[in-house]
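Enquirer: Quick one: structure below, then a few questions.
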Amino acid sequence: MTSSVDNKEPDQTLDGNSHLLTSKNDKQKIEVTTKALKDHQQRTTNNYSHLKAVKSKTTQDNCDTKASPNKSPSELEFTAKEAQAILRKLTNGEERIGLALLNYYSRSNLVPATGKEFARNRQKYSYGDIVLLCWLFRMKAEGLPVGRFRQGLDYLKRKLPKLVKNPTDMILLTDGKQLFLRHRIEDRIEIAENLTGKNAGQYCWTYAIGSLIKEIDSIIEKEVSNKKLSRAKVA
């Protein structure tokens, strides 16, 4: 009987030691697993940061591509601030052009932003919108009331595709009632009749819209070039 009990005691002791050994192994496994999880989380965080940096650089590169001098000004779109900068350059800073005024013209549908792209949830200005705004402010500088522009702007919007395609020698002509787009050389007889004939009146004038478009293009190209230089310095 004694030997039988003695034989069982080592078994119980061995089982206890085995249990303790297993507990130590489990603890080590847990520690290893925890460390592995922490390492995995760190790698995931690092990868996310890397992907975020790559995405940011890609977005910047895309912006640079959109604003590339290789693209013609007529292919670009502009934020309200960019439109403001172009208009200030055009007026040599003499005209006070605030973003609130541009927003008012847009809301009143005088010159709304019609671009396909958005910036900060606001629609961008198309190149045609910029031309219309520049013409509007140039006419204001000539002393013409804004109220007379709406009909002229509607006409100009319809003619913009043709005008932008070939602006050289194109002029705007008015008889005081209507606005006409004419070629300075090809339509010179009609222009002369309107300016000096029996229909000539107080409000008859011509404006070299083709020259204005070339001036706008030059300003846009300089603005794009300056932006790229600034970004290159920051990088």
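Enquirer: Apply the a/c threshold of 1.5 to the C-alpha gyration tensor of segment 116-167 and tell me whether it is rounded, prolate or oblate.
Expert: oblate
Enquirer: With 10 angstrom as the radius, rank Arg150, Arg138 by how many other C-beta atoms surround their C-beta, starting from the fewest.
Expert: In order of increasing Cβ crowding within 10 Å: Arg150, Arg138.
Enquirer: To make sure I understand, if each residue's beta carbon is the centre and we count other beta carbons within 10 Å, what order do Glu221, Glu142 fall in, fewest to most?
Expert: Glu142, Glu221
Enquirer: Then there's this: Taking neighbour Cβ counts within 10 Å as the exposure measure, how do Tyr127, Tyr104 sort from fewest upward?
Expert: Taking fewest neighbouring Cβ atoms as first place, the list is Tyr104, Tyr127.
Enquirer: Let me ask something else about it. Calculate the tail of P(r) for segment 89-153: the fraction of all Cα-Cα distances greater than 13 Å, expressed in %.
Expert: Roughly 66 percent, rounded to a whole number.
Enquirer: Which pairs break 26 Å Cα to Cα here: Lys140/Lys227; Lys116/Lys140; Lys124/Lys165; Lys162/Lys227; Lys71/Lys159; Lys89/Lys140?
Expert: Pairs exceeding 26 Å: Lys140/Lys227; Lys116/Lys140; Lys162/Lys227.
Enquirer: Same structure again: Work out the charge dipole of segment 65-191 with +1 on the Cβ of Lys and Arg and -1 on the Cβ of Asp and Glu about the Cα centre, then indicate which of Ala80, Gln151, Val131 is farthest towards its positive end.
Expert: Going by the Cα projections, it comes out as Ala80.
Every read-out reported here was derived from the displayed coordinates using simple, explicitly stated rules and does not represent laboratory data. Keep in mind that what you see is a predicted model, and the values were worked out from it rather than measured. With ideal geometry, Cβ positions are generated from the backbone for all residues, glycine too; neighbour counts draw on all protein chains shown.
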